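Any read-out appearing in this document is the output of simple, stated calculations on the displayed coordinates, not a laboratory observation. As the structure is a computational prediction, the values presented were derived from the model and not from experiment. Because the Cβ atoms are built from the backbone with ideal geometry, glycine has one as well, and the counts that use them run over all protein chains shown.
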2 protein chains.
Amino acid sequence: MAALIRGVLEGDARAVARAISLVEDDRPELEALAAGLVEHTGGSCTIGLTGAPGVGKSTIAAGLVGALRARDLRVAVLAVDPTSPATGGALLGDRVRMQAHATDPGVFIRSMATRGHLGGMALATPEAVRVLEAAGYAQIIVETVGVGQAEVDVAAATDTAVVVLAPGLGDAVQIAKAGILEIADVFVVNKADREGADVLVRELRQMLELGTPREWSPPVLAVTATTGAGLDALLDAVEAHVAWARGSGALEAKRRARLLQEVAALAAARLRVELERALHADDALVADLLARRLDPRGAAARLLHRLDGAHRRG
Amino acid sequence: MAALIRGVLEGDARAVARAISLVEDDRPELEALAAGLVEHTGGSCTIGLTGAPGVGKSTIAAGLVGALRARDLRVAVLAVDPTSPATGGALLGDRVRMQAHATDPGVFIRSMATRGHLGGMALATPEAVRVLEAAGYAQIIVETVGVGQAEVDVAAATDTAVVVLAPGLGDAVQIAKAGILEIADVFVVNKADREGADVLVRELRQMLELGTPREWSPPVLAVTATTGAGLDALLDAVEAHVAWARGSGALEAKRRARLLQEVAALAAARLRVELERALHADDALVADLLARRLDPRGAAARLLHRLDGAHRRG
């Protein structure tokens, strides 16, 4: 473990990869790893990149890596794949688009599944981000596919949430419906060279004007990731957001809330394992549930009561 | 409360709507409501309808309602909107498409946000479904926007998971990436009259053949919801899945697992409130976290240790 911690702190890519595998599997060794890295965390900026399948998130991520390297920053990309419950695996097709950066030692690229992690993506992501922070990557891009909760989770887990859209992939009303107007810090309309891009940009701006006023007004940027057009403006917008968030105290507040929430969620996930064990062992409770003599709320109350009694006796 | 329970059991739409509002807000009255309804639940079939924004889920839901009414079944549609964290609200734009059924007493349509519910959509949905079951709706359609976790949650919460796709909204590789090949019971390629629909149907079938073999092979159906083409075949496929699931024992196993998981999640959500309170009150722990002297895993362990001690003393 000491060697692994040293490897991560030295920015050794193999050590970083091994540490993230431990996160994926939620291994017990993580306690020592996390404790050994913690004082070296908190110094990076994180960018969340979300959007529906097909909008071009990976191409944008690859483009952002290039733009960040041109500014001489070390960059890590964490592509978070939603859990695939049956196989526990994740496809890595998008890695191909990153190959231009594969030999650059200032770039670390990793797809991550959350196969063994009790808390799923929402808890595995911040743990992996801390590994990357400790390894000295100044900018960390967290990319995930998803509309809805996945987007909200990634927005909460990163400093700047970039939501990517593309013409033809749902209209602005549906975007608003998914609840992402409120959580995005920057909007990107990718494939800006396609028909309908201008309309989408205009609709988004209108919806943002109609929505709840926020201290930070998210810009809506037109990008064509395949040609690189608009990527520098995107990076400028991200930096402007971080500068605002630092100055206003919003960044500190978000990071504090994020840490506290993570601790509570980790503790709850641990307790849930205990609860599930107690429930499966309680034949009478299960029988009452299945016979519809007891509803889940009543069953949860009974379970908590038992557990409390067990702790008191324990 | 007795009047509300009676109203729900009589299938009174206003009582049902009020009960679901209680679920949305996670009101304390729910304990009595759930206990009063539980023996009348478990008799309905539930269909989950998920997919990215723009694939036409609502049009399919409206079409399914028509097809189910033609088979003389009472139908409820629960449109679950992902939480909108900033406003706590949800847009109801898609209800418009349901207006054809608005005056039919055999149809109940409801959009649901999960604004106050501790456990989010994953816990609010089954509670609302039980209200609809107790109200005598034989078929309950749960529609939600989402790719990834939202899809997995809805699949777990319903008997038959229908995943809707449309040409131009991401290719089959991206669909596989989102982990939904493993959780869908029926695939629908909507907008089958559009270019690319045939290719998408073929790609999906190929991916399913290449994937992990399952006892139930999910059919891939071409549907044009706007004209109604393919909707009857979709309903037949859902019924075939339910018949298979009943015969094989898969339905009973899924419902049992679902109930047990719900109880554990409800209990964990209750404990999490207690954990958050304890954490926010522990100034020393928060200070150590913020100063990066303590990592979240270590903090969670300390918090659990304290809570355990408090319970022992309590």
For this session: Count the lysine pairs in the protein assembly as shown whose Cα atoms lie under 29 Å apart, taking only pairs 8 or more positions apart in sequence or on different chains.
Result: 19
Exercise. What nm distances, shortest first, do you get from the label point of B:A287 to those in the other copies when the point sits 7 angstrom along Cα to Cβ?
Worked result: 5.4
For this session: Would you order B:H305, A:H40 from fewest to most other beta-carbon atoms within 10 Å of each residue's own beta-carbon?
Result: B:H305, A:H40
For this session: Please report A:K254, A:K191 as a ranked list, fewest other C-beta atoms within 10 angstrom at the top and most at the bottom.
Result: A:K254, A:K191
Problem set entry | Distances in nm from B:E195 to the matching label points in the other copies, shortest first (labels 7 Å along Cα to Cβ) | 0.9
Exercise. Taking the label point as lying 7 angstrom from Cα along the Cα-to-Cβ axis, what are the distances from B:R69 to the corresponding position in the remaining copies, in ascending order and in nanometres?
Worked result: 5.9
Exercise. Separation of region A:213-233 and region B:237-314 by C-alpha centroid, Å?
Worked result: 38 Å
Exercise. B:R18 versus A:V199, label points 7 Å from Cα toward the beta carbon: distance in nm?
Worked result: 4.5 nm
Problem set entry | Exposed GluC sites (Glu not before Pro) absent - longest run of chain B, DSSP non-H/G/I/E/B, at most 15 other C-beta within 10 Å | B:30-194
